[in-house]
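Report on one structure; see the data block that follows.
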Amino acid sequence: MAKTRIVASLDIGSSKIRTVVGIMDDASTVPNIIGVGIAPSTGLRKGAVIDVEETINSISSSLEDAERMAGEPINHVFLGVGGNHIDSLNSRGVIAVAHAENEISEEDVDRVLEAAQAVTIPSNRRILRIIPKTFTVDEQKGIKYPVGMTGIRLEVETHIITGFEPVVKNIEKCVLQSGVDVDDIIPACLASAEAVLSKRQKELGVVVVDIGCGGTSVTVFEDGATLHTSVIPVGGENVTNDVAIGMRTSIDTAEKIKIEYGSVIPEDVNDRETIDLSLLSKIDTHLVSKKQVVEIIQARYSEIFVLVKDELAKIHRDGMLPAGVILTGAGAKMAGVIDLARETLNLPCQIGFPQNYDGVVDKIDDPAYATAIGLLLWGSRFESRHHAGLKNINFKKGMTSLKKWFKNLVP
Ligand SMILES: Nc1ncnc2c1ncn2[C@@H]1O[C@H](COP(=O)(O)OP(=O)(O)OP(=O)(O)O)[C@@H](O)[C@H]1O
Ligand SMILES: [Mg+2]
């Protein structure tokens, strides 16, 4: 019988902590998902820990939920971190090829990527990913993987994603204190994209917009590589706050109004339609105009898409991505959001449902699970490589070298 192994992911969001557990064997190409866990994220704000104990409790509860469903213990996880502290920059590296025959080796690729990291990154920022966008060998541009080619001078254009060290460290600490090891830390925006994009979409040019709680991440791909990542500090939480202020209700009631009656198409709502809040809350019991609620929600979602448009304009891709916009995150579940995004961004738009996994857990056929599934896909590919090529080497050592390999080449 084929030997099976467990792969798990942990998406630490500002509103929810999601765990996904998959099982792999030597023959499997995609993970078979056997467990999912979710817990409210009470100890974080905008991606940063504000209460250690609450965060540990939330993580533990999410992990236990998934372990119960999977019937397997979780010992280590691929960890996703997001939030406004995530930043990115582009950087170039150049080296002289070392070998006598001038054949480019993996070591040369490692060296040139290291050279690209020799930019001034403040000491309080941790490099989470360095992604090679394109290599140039002598004068030949646009090379995706130069190993085996002949040349004297090797150049690389990279995209580097960093996180604020204290924030990343505190999240890592909370995860460790919840009793699991961290296999690797991956920016949440890259993980979401991993779960919902095809190779062809990445080649053509596409943007993944993940509408979360505290923020909205924008990740642009072109020619198969990450072109741009950024986080807009406006998300579902702002929509809820607007409804609470506009309708004079508590945040909890506003959240319920938003989920139950929300939409971004005021034209579809009759002026006289009301929402009876006593059906949603014991504290807020007045009637509110549904049209006003929808207008408030529409205004904030419009702002989010205008900010996304500004991000695309910064890199000269406003209205210019042939594979369009893919929406993920729970905020993408708002009624009418596809039409609003299409009109504002002047691009084709669709919701990103996670792909490339097996299993019958219905719950995850949901754009809110894009990050957690993407982390798992990342992890399962890493595990496959580990089992395929490095069976006899020390696991920890293999981890380090493969981690480096992965960090550099994916996606
Ligand atoms: N059905 C729904 N329709 C619209 N919005 C929703 C729906 N369900 C949840 N939301 C909103 O989505 C937001 C949470 O999104 P998500 O769960 O993707 O965030 P998160 O991953 O926890 O946070 P972040 O990615 O910002 O760290 C909340 O503001 C919530 O109100
Ligand atoms: Mg999220």
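Summary of values
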{"read-out": "Residue match in segment 224-240 (condition: touching a helix residue (DSSP H, G or I) at 6+ places or on another chain (Cβ under 7 Å), away from ligand 2 (no atom under 14 Å from the Cβ), without any contact (Cβ under 8 Å) to a residue 40 or more places away in the chain and not assigned by TED's automatic domain parsing to the domain that holds Lys46)", "value": "yes"}
{"read-out": "Meets criteria (among the small types (Gly, Ala, Ser) and either more than 16 Å from ligand 1 (Cβ to nearest atom) or part of a loop (DSSP other than H, G, I, E, B) (or both)) for Ser278", "value": "yes"}
{"read-out": "Qualifying residue in segment 106-123 (condition: loosely packed, with under 15 Cβ neighbours inside 10 Å and either under 21 Å from Lys46 (Cβ atoms) or in the same structural domain as Ala313 (by TED's automatic domain parsing) (or both))", "value": "yes"}
{"read-out": "Checking Glu67 against (1) within 13 Å of ligand 1 (Cβ to nearest atom); (2) over 19 Å from Ala193 (Cα atoms); (3) charged (D, E, K, R), the condition it does not meet", "value": "(1)"}
{"read-out": "Whichever residue in segment 318-330 is within 16 Å of ligand 2 (Cβ to nearest atom) and not in a loop (DSSP other than H, G, I, E, B) and, among such residues, is farthest from Ile211 (Cα to Cα)", "value": "Ile326"}
{"read-out": "For Leu176: the one exception among (1) in the same structural domain as Arg18 (by TED's automatic domain parsing); (2) touching a residue at least 12 places away in the same chain (Cβ under 8 Å)", "value": "(2)"}
{"read-out": "Candidates Ile211, Ile186, Ile131 - the one that is hydrophobic (A, V, I, L, M, F, W, C), within 16 Å of ligand 2 (Cβ to nearest atom) and over 30 Å from Ile297 (Cβ atoms)", "value": "Ile186"}
{"read-out": "Residue match in segment 293-301 (condition: over 33 Å from the mean Cα position of the chain (by Cα) and crowded, with 20+ Cβ neighbours inside 10 Å)", "value": "no"}
{"read-out": "When residues of segment 169-221 are limited to those that are among the small types (Gly, Ala, Ser) and buried (at least 24 other Cβ atoms within 10 Å of the Cβ), the one farthest from Asn124 (Cα to Cα)", "value": "Ala195"}
{"read-out": "Neighbours by Cβ (under 8 Å, 6+ apart or cross-chain): first from segment 35-61, in the same structural domain as Val20 (by TED's automatic domain parsing) and basic (Lys, Arg); second assigned to a strand (DSSP E or B) and surrounded by 23 or more Cβ atoms within 10 Å (Cβ to Cβ)", "value": "none"}
{"read-out": "Considering residues of segment 1-23 that are surrounded by fewer than 24 Cβ atoms within 10 Å (Cβ to Cβ) and either within 13 Å of ligand 1 (Cβ to nearest atom) or among the aliphatic types (A, V, I, L, M) (or both) only, the residue modelled with the lowest pLDDT", "value": "Met1"}
{"read-out": "Long-range neighbours under 7 Å by Cβ, at least six apart or interchain, first residue away from ligand 2 (no atom under 16 Å from the Cβ) within segment 331-344, second in a helix (DSSP H, G or I) and β-branched (Val, Ile, Thr)", "value": "Thr344/Val306"}
{"read-out": "Pairs, first at negative phi and among the β-branched types (Val, Ile, Thr) in segment 76-92, second in a loop (DSSP other than H, G, I, E, B) and more than 10 Å from ligand 1 (Cβ to nearest atom), C-beta under 6 Å, six or more apart", "value": "Val77/Val180"}
{"read-out": "Test result for Phe305, at negative phi and outside any helix (DSSP H, G or I)", "value": "no"}
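The rows are residues; the columns are (1) at pLDDT 95 or above; (2) outside any loop (DSSP other than H, G, I, E, B).
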residue	(1), (2)
Leu347	yes, no
Asn356	no, no
Ala370	yes, yes
Ile373	yes, yes
Trp378	no, yes
Arg381	no, yes
His386	no, yes
Lys391	no, no
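The values are calculated or read from the model by the stated rules, or taken from the named source; none is laboratory data. Fair warning: this is a prediction, and the values are worked out from it, not measured in the lab. As a convention, Cβ positions derive from the backbone with ideal geometry for all residues, glycine included, and neighbour counts pool all protein chains shown.
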